[in-house]
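Everything on this sheet refers to the single structure shown next.
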Amino acid sequence: MTDFSHEPQFTTDKNGNLLHAEAYGNRIETHPDGSATITRPDGTVLKIEK
């Protein structure tokens with residue numbers, strides 16, 4: 001069986017805008033106000049303001 005746990009996964013809205021992505025333990029979430037949050041595997045959270 002192939003292990004896809006490190007393969008990038010993402011979801012978009014109906015217009016193709018990124019809502020959520022995850023790859024190699026990093027999680028990226030975008031928010032309606034244009035900001036984003038990146039959570040790294042070690043638990044570090046980076047916030048990106050619009």
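The values are calculated or read from the model by the stated rules, or taken from the named source; none is laboratory data. Predicted model, so just to flag it, every value in this text is computed and none were measured.
What to note about this one:
- Put simply, of 4, 10 the only residue that is at pLDDT below 85 and not in a loop (DSSP other than H, G, I, E, B) is 10.
- Residue under evaluation residue 41, criteria (1) part of a loop (DSSP other than H, G, I, E, B); (2) modelled with pLDDT under 90, criterion not met: (2)
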